[in-house]
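Notes to accompany the following structure.
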Amino acid sequence: MDTQKVIEEALSVSNTLKALEFGQDILDRVPGLFTKFFPGRKAIVVADRNTWRVAGEKVFYELGKAGVPATTCMIYDENFHAEWKYVQLLDKVLDEQKGVLIAVGSGVINDLSKLSSFRHGQQYICVATAASVDGFTSATASIADERGAKVSFKCSAPSIIVADTKVLAEAPVPMTAAGYGDLASKVTAGAEWMIADLFGTEPIHDGAWHLTQDYLRDMLSDPDGVHNGDPKVVEQLFLGLALCGVGIEVSGGDTRCVSCAEHLYSHWLDMTHHTFNGNSVSHGFQVSVGELTLCAFFDELLKMDLTKIDVDKCVEAWPSLEQEQERAKKLFVDFPVPTLGYEEITKKWEPKEKVREELTKLKECWPEFSEKLRAQVIPFEQMRDLFKRAGAPTCPEDIGITCADLRRLTDFVQLMRYRINVLDLAKRAGIYDELVGKVFGKGGAWEIK
């Protein structure tokens, strides 16, 4: 894969991203890029303790050396998350300093800077410190709102990204492995997009599919290089993560191309403030376990012959909207955002006539469609081996939960977002209990002991 060619392609289709700089020891490029795109403005370097040490201090020094007026906004809280109070903190800094943010960090700092900059009608620069998440270039920020609900806020991607491959390669192995898991999640996200496309709810956008899927297998092909911090491998991993955001942009800001049910396991854990050994668990590690779970679901689904679906029986058993709303209210009653399931199933529910159309189409094209799904997904055991080699989680216990916890979360996942996923297919086809039972039952990938 020609990295430079891919970068040029991404820049050519993005209306927001103006520069994507790769290379070793390139933090001294930041002042020149800043003055080119933000002439006469003040720079505000946003960092935490760790990102200040690995890159922020150097960036601040280079700005001063180049005569660029600059100040800092340091976040000293340990294990801080993408929460609304930090958006408010950056809002206050921007109001007082009237500058441009330079986000030095990875997922959380980038998302906070992204949303705050958008709320002030301006762009910002991202200096990446780890290839740990897929949100660097996305036109969304995943942040807990004032209710505590994890929400994808539409905003603007950074106009400039500086990715020093030496800094990325020296990031802690768990951070890079988290990025690998997050990128790998596009495998089943793509498969679930294929299902939504078949059902006609969210048609595949060719441009977004190309950016997020066509290079994906190459970028996942060297998990050992990811684990060993090979600069070239980590560079490709970061580029794959960056392409996800450009895919979101070209599809009109929709995260469908990079996220589906596997991410909802992570959202549930975030919204319930899950910790393991007293620490938060990275987004990428949570998503890794969600991805393995989805791989297991697809393994079992592809063993089934859906040409034998009794469409009439499935349609007859299809619940009313009121029944689904009641189910959601009962399930989410003790959840931090008890109305979430009700709100999302209200958007997602479809009448019997539409379900009949979807099931009829599914039944008729299953032989061909199942082969397309088979070509898209990676089997559970193969994905688990890739994760093991990269240093990502290979079982739920690696992030402090059990198979029984995952089983319980699955019912929430099916209701947590309006987006059609493989569990919705199973609900329509009357095989939900069977599918979930095969994954969590005796002999299943996540057998509950």
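Annotations
- Sorting 378, 448 by accessible area puts them as 448, 378; the probe is 1.4 Å, largest comes first, and only protein heavy atoms count.
- Highest mean packing comes first when the peptides 260-266, 6-12 are listed by Cβ atoms within 10 Å, giving 260-266, 6-12.
- Peptide packing: for 295-302, 404-411, the average count of neighbouring Cβ atoms within 10 Å per residue gives the ranking 295-302, 404-411, highest mean first.
- Accessible area of segment 14-166 divided out per residue, in Å², using a probe of 1.4 angstrom: 40 Å²
- The convex hull defined by the C-alpha atoms of segment 45-204 has an orientation-averaged projected area of 10.6 nm².
- Pair-distance distribution of segment 1-56: all C-alpha pairs, bin width 5 Å, starting at 0; shares per bin in whole percent are 4, 14, 18, 21, 22, 14, 6, 1.
- Cα-derived Rg to Rh of segment 279-392, Kirkwood definition: 1.06
- Structure note, pairs 186/348; 186/232; 232/388; 65/150: Cα-Cα distances above 29 angstrom occur for 65/150.
- Helix 84-97 axis, angle to the chain major axis (alpha carbon atoms, nearest 10°): 30 degrees
- Given 5/166; 361/427; 92/114; 85/347; 303/438; 85/114, the pairs whose alpha carbons are separated by over 19 Å: 5/166; 85/347
- Expressed to the nearest 5 percent, the antiparallel share of DSSP beta bridges inside the chain is 25 percent.
- Overall form of segment 1-128 per C-alpha gyration tensor (a/c, 1.5; a/b vs b/c): rounded
- Peptides ranked, highest mean first, by Cβ atoms within 10 Å: ranges 276-282, 210-216, 431-437: 210-216, 431-437, 276-282
- Segment 347-432: C-alpha gyration tensor shape, a/c 1.5 cut-off, then a/b vs b/c: oblate
- Solvent-accessible area of residue 333, all protein chains in place: 90 Å² (probe radius 1.4 Å, heavy atoms, ligands and nucleic acids excluded).
- Where the Cα pairs of the chain fall when distances are cut into 20 Å bins, in %: 26, 56, 17, 1
- Calculated SAXS-style log₁₀ I(q)/I(0) at q = 0.14, 0.17, 0.22, 0.27 Å⁻¹ - segment 212-291, Debye, Cα scatterers: -0.59, -0.84, -1.12, -1.19
- Computed over protein heavy atoms with a 1.4 Å probe, the carbon and sulfur contribution to the accessible area of the chain reaches 49%.
- For residue 224, the accessible area of its heavy atoms, probed at 1.4 Å with every protein chain present, is near 60 square angstrom.
- Degrees, to the nearest 10: 321-331 long Cα axis against longest axis of the chain: 60 degrees
- In the context of the full protein assembly, residue 324 retains an accessible surface of approximately 20 Å², using a probe radius of 1.4 Å and ignoring ligands and nucleic acids.
- Sequence of 343, 146 from largest to smallest accessible area, 1.4 Å probe: 146, 343
- Rg ratio (alpha-carbon, reference 2.2 N^0.38 Å) - segment 114-231: 1.20
- The angle between the Cα long axis of helix 107-119 and the longest principal axis of the Cα atoms of the chain comes to about 80 degrees, rounded to the nearest 10.
The values are calculated or read from the model by the stated rules, or taken from the named source; none is laboratory data. These numbers were taken from a predicted model, which means no experiment stands behind them. Ideal geometry is used to build each Cβ from the backbone, glycine not excepted, and the neighbour counts take in all protein chains shown. To get the accessible areas, we keep the full protein, side chains included, count just its heavy atoms, and leave off ligands, DNA and RNA. Shrake-Rupley method; radii C 1.70, N 1.55, O 1.52, S 1.80 Å.
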